[in-house]
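Chemist: To start, I am sharing the structure in question, which I have written as structure tokens.
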Amino acid sequence: MFIRHARAAVPGLAIALVPLFGSTAHEIVGNRFFPATIGIDDPGVNDELSFPTVANFKTGDDPSFRQRDFSGEFSKRITEAFAISIGATHSSLAAPGGPTGIGAQGFQNLETLFKYRLFKDPAHEFVVSVGLGIEWGGTGAAAVGADPFNTYTPTIFFGKGLGDLPDTLSWLRPVAITGQVGYAIPGRNSTTTFSIDPDTGNLSADTEFHPRVLNWGGTIQYSMPYLKSSVIDLGLPDFVNHLIPLVEATLQTPVANTLTSGTKTTGTINPGFLWVGNTFQIGVEALIPINRQSGTNVGVIGQLHFYLDDIDPRGIGRPIFGGPVQPASPFARN
């Protein structure tokens, strides 16, 4: 799903462990099924519901906060190639060194993603989509870092399966790579706060700059369903044949309107797995910070994800304006 589960949580926190626009949908391209991944968005558009997604980690502040996020996201196709997603996240922070559960809590800003599938090549299992994400300023709580202004993020999404490799490399055919690159543009370049110095009585001003940020990342995944259906059936247990082990990278790099030229890239590397069923999937990943600014320990994130286009393909899972009905089983779209 596309919610920033690990968004900066209080004023002054500068790190988001999971970037804007996590996974929203699964996509079928030729024999390839691109599943919904937790950290970044997959390259397609579909009718799906992610609920709940739960994350637990420590922020990169000094001292760091223990943050817990609980979120949900709904994605609906308007046409066969165009979808709109909306999601929300509730964040809870424990004060540094304090008892668990004591600290700030509240909702992050509501977020919306408008997404269009631009290109699809079934023979080469390749797909590209473009989107515009909007974080609606003022809809969340300032206590957990929700900004009072909108943020706009144009993004490109892509996916490539390796099913077109030659027979000599057939063991690599279940591999797929997905990625996204977005440019987050705050609706306000800076915020100036005025105050009275209690000692001198003079008026002082404090200006906070809101940087433009490159949100980027990708996944490498190995589909056991694809291995069984499109390469070779090894006679593995049914549970294993439903697994997709993967590694995600979710990264953020401030690129403009920053106070210092040495601002670091922050983010996490997220190894984990998905278990894919007929109408839902379950995902669990570790959140491994890439540096001190990204966090102070290994966190965890999990998600329950429903395929509405499989649950009700002629109702809520069908595009509002026509479009084909999706196949009923993920093993028909591996």
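The values are calculated or read from the model by the stated rules, or taken from the named source; none is laboratory data. Predicted model only: the values in this text are computed from it and were never measured. Neighbour counts run over all protein chains shown; Cβ positions are idealised from the backbone, glycine included.
Chemist: Pull up region 272-301, narrow it to residues that are of a type in the set (Val, Ile, Thr) and out of contact with any Phe, Trp or Tyr (no Cβ under 6 Å at 6 or more places or on another chain), then point me to the one that is surrounded by the fewest Cβ atoms within 10 Å (Cβ to Cβ). Give the steps one after another, and end with the answer.
Modeler: Of the residues in region 272-301, the ones of a type in the set (Val, Ile, Thr) are 276, 279, 282, 284, 288, 290, 296, 298, 300-301.
Filter once more, so that each one left must be out of contact with any Phe, Trp or Tyr (no Cβ under 6 Å at 6 or more places or on another chain): 276, 284, 288, 290, 296, 298, 300-301.
Working: Val276: 25, Val284: 15, Ile288: 19, Ile290: 17, Thr296: 18, Val298: 12, Val300: 14, Ile301: 26.
Out of the qualifying residues, it is Val298.
Chemist: Here's another thing I want to ask about it. Consider Ala176 carefully, then state whether it is hydrophobic (A, V, I, L, M, F, W, C) and closer than 29 Å to Ile86 by Cα.
Modeler: Considered against the rule, which asks whether it is hydrophobic (A, V, I, L, M, F, W, C) and closer than 29 Å to Ile86 by Cα, Ala176 comes out as yes.
Chemist: Moving on. Quick one: how many residues across region 305-334 are under 14 Å from Ile38 (Cα atoms) and at pLDDT below 95?
Modeler: Qualifying residue count for the region: 0.
Chemist: Looking at Ala123 and the list (1) over 20 Å from the mean Cα position of the chain (by Cα); (2) buried (at least 24 other Cβ atoms within 10 Å of the Cβ), which single condition is not satisfied?
Modeler: So the condition that Ala123 fails would be (2).
Chemist: Just to check your reading of the model, which residue among Glu135, Glu208, Glu125 is among the acidic types (Asp, Glu) and within 26 Å of Pro271 (Cα to Cα)?
Modeler: Within the list Glu135, Glu208, Glu125, the selection yields Glu125.
Chemist: Something else: Residue by residue through region 64-92, note down the ones that are among the acidic types (Asp, Glu) and either over 15 Å from the mean Cα position of the chain (by Cα) or modelled with pLDDT under 95 (or both).
Modeler: The one that is among the acidic types (Asp, Glu) and either over 15 Å from the mean Cα position of the chain (by Cα) or modelled with pLDDT under 95 (or both): Glu80.
Chemist: Cβ contacts < 8 Å: first residue at pLDDT 95 or above, restricted to region 293-304; second residue among the basic types (Lys, Arg), any location; separation 6+ or different chain. Result?
Modeler: Gly299/Lys58
Chemist: If we only count strands (runs of 3 or more DSSP E) wholly inside region 137-237, which ones have 3 or more residues that are within 22 Å of Gly44 (Cβ to Cβ) and small (Gly, Ala, Ser)?
Modeler: Hits in region 137-237: 175-186.
Chemist: Could you check, for region 96-109, whether at least one of its residues is in a loop (DSSP other than H, G, I, E, B), at pLDDT 95 or above and under 27 Å from Gln67 (Cβ atoms)?
Modeler: To start, the set of residues in region 96-109 that are in a loop (DSSP other than H, G, I, E, B) comprises 96-104, 108-109.
Still in the running and at pLDDT 95 or above: 108-109.
Retained after the next criterion (residues that are under 27 Å from Gln67 (Cβ atoms)): 108-109.
Yes, because at least one residue in region 96-109 is in a loop (DSSP other than H, G, I, E, B), at pLDDT 95 or above and under 27 Å from Gln67 (Cβ atoms).
Chemist: What do you reckon, is Leu246 over 17 Å from Glu125 (Cα atoms), touching a residue at least 60 places away in the same chain (Cβ under 8 Å), crowded, with 16+ Cβ neighbours inside 10 Å and not hydroxyl-bearing (Ser, Thr, Tyr)?
Modeler: Working: over 17 Å from Glu125 (Cα atoms): yes; touching a residue at least 60 places away in the same chain (Cβ under 8 Å): yes; crowded, with 16+ Cβ neighbours inside 10 Å: yes; not hydroxyl-bearing (Ser, Thr, Tyr): yes.
Criteria met by Leu246.
Chemist: Quick check on region 166-206: of everything there that is exposed (fewer than 10 other Cβ atoms within 10 Å of the Cβ) and either touching a residue at least 24 places away in the same chain (Cβ under 8 Å) or among the hydroxyl-bearing types (Ser, Thr, Tyr) (or both), which residue is farthest from Pro35 (Cα to Cα)?
Modeler: Thr200
Chemist: Now, a different point. Say whether the condition of being acidic (Asp, Glu), touching a strand residue (DSSP E or B) at 6+ places or on another chain (Cβ under 7 Å) and in contact (Cβ under 8 Å) with a residue 60 or more places away in the chain is met by at least one residue in region 75-87.
Modeler: Looking only at region 75-87, we keep the residues that are acidic (Asp, Glu), and these are 80.
Subset that is touching a strand residue (DSSP E or B) at 6+ places or on another chain (Cβ under 7 Å): none.
Checked against the condition, which is being acidic (Asp, Glu), touching a strand residue (DSSP E or B) at 6+ places or on another chain (Cβ under 7 Å) and in contact (Cβ under 8 Å) with a residue 60 or more places away in the chain, region 75-87 yields no hits at all.
Chemist: Which condition number does Ile220 fail, the rest of (1) within 26 Å of Tyr152 (Cβ to Cβ); (2) in contact (Cβ under 8 Å) with a residue 40 or more places away in the chain being met?
Modeler: That leaves (1) as the condition not met.
Residues are listed down the side, and each one gets a yes or a no for (1) surrounded by 19 or more Cβ atoms within 10 Å (Cβ to Cβ); (2) part of a loop (DSSP other than H, G, I, E, B); (3) of a type in the set (Gly, Ala, Ser):
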| site | (1), (2), (3) |
| --- | --- |
| Ile28 | yes, no, no |
| Asp41 | yes, yes, no |
| Asn46 | yes, yes, no |
| Asn56 | no, no, no |
| Pro63 | no, yes, no |
| Asp69 | yes, no, no |
| Ser75 | yes, no, yes |
| Ile86 | no, no, no |
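Residues checked against (1) among the charged types (D, E, K, R); (2) at pLDDT below 90; (3) in contact with a strand residue (DSSP E or B) (Cβ under 8 Å, 6 or more places away or on another chain):
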position	(1), (2), (3)
Gly22	no, yes, yes
His26	no, yes, yes
Gly30	no, no, yes
Ala36	no, no, yes
Ile40	no, no, yes
Pro43	no, no, yes
Asn46	no, no, yes
Ser50	no, no, yes
Lys58	yes, no, yes
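Chemist: Follow-up question, since we're still on this one. Just to be sure I understand, how many residues within region 238-264 are outside any strand (DSSP E or B) and modelled with pLDDT under 95?
Modeler: Residues in region 238-264 being outside any strand (DSSP E or B) and modelled with pLDDT under 95: 8 in total.
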